[in-house]
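Take a look at the structure set out below.
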Amino acid sequence: MRGVYIFLANGFEETEALAPLDILRRGGIDVKTVSVHRDKYVTGAHKVTVAADLTYGEFKAELELEGTDWSDLMIFPGGMPGTRNLAQNPELINLMRLHYAEGGSLAAICAAPGLVISQLPSLSGIHFTCYDGFEDGPVARGGIYEKKPAVADGNIITGRGPGCAVEFGLAILEHLKGAEEAAAVRSSLML
């Protein structure tokens, strides 16, 4: 496993970031949170402040050390204005496009499929879900909207909203480690 990163911007939806983080770590994934700001402290949409594992500068330094083969998965939580802050970061968006073009996986939940993932050049034929009202961007790129808690299609995993964050995390875990590991974590959560 090369790396899994959850990108946090001020205004992120806390449940959509922290529930998948917890589930992935329970599943043995070395996932790191990355503040897209200069310091590690990021405040969520509901005023919960967390200390990210890395600042964006530290993350970029890791990239330089590891070269282009740096990540298995980039994860984008929703929340406002957090998702908009991610979507308006051209360096992060360019990195996401390059990562996906080279075969890397992406995961986004809530508004992030509509504002972040929709900035890929094409989503032709890709099934996705998102928070109600944010489906227009991906549909305009050829995506196929499904009103489900979580949808995995190829190298893109999407989740619908905060109440679906656990299912989203389990879908990511299944993508990375298989159905058996996801089922074991699901059982340990008593779901």
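The values are calculated or read from the model by the stated rules, or taken from the named source; none is laboratory data. Source: prediction; values computed, not measured. Glycine gets a Cβ as well: all are built from the backbone with ideal geometry, and neighbour counts include every protein chain shown. The area values use the complete protein model at the heavy-atom level, side chains included, leaving out ligands, DNA and RNA. Shrake-Rupley method; radii C 1.70, N 1.55, O 1.52, S 1.80 Å.
Quick notes on this one:
- Using only the C-alpha atoms, the convex hull of the range 1-148 corresponds to 106 Å³ per residue.
- Shape of the range 138-188, Cα gyration tensor, a/c cut at 1.5: oblate
- Lysine pairs meeting the criterion (Cα under 30 Å, 8 or more apart or interchain), as found in the chain: 14
- For the range 72-147, the Kirkwood estimate of hydrodynamic radius, built from reciprocal distances between every pair of different alpha carbons, is 12.1 Å.
- Among beta bridges from DSSP that stay inside the range 61-191, the antiparallel ones total about 30%.
- For the chain, the solvent-accessible area with a 1.4 angstrom probe is 44 square angstrom per residue.
- Per-residue [θ]222 nm for the chain (sum of -39500 (n - 2.57) over DSSP H runs n ≥ 4, rounded to 500): -11000 deg cm²/dmol
- Only the Cβ atoms of Lys and Arg (+1) and of Asp and Glu (-1) were treated as charged; on that basis the dipole of the chain about its Cα centre amounts to roughly 320 debye.
- Residues residue 41 and residue 94, FRET efficiency given R0 of 25 Å [Cβ-Cβ distance, rounded to 0.05]: 0.50
- Charges were assigned to the Cβ only: +1 to each Lys and Arg, -1 to each Asp and Glu. The resulting dipole of the range 12-110 about its Cα centre is roughly 360 debye.
- Counting only protein heavy atoms and a probe of 1.4 Å, the accessible surface of the chain is 51% carbon and sulfur.
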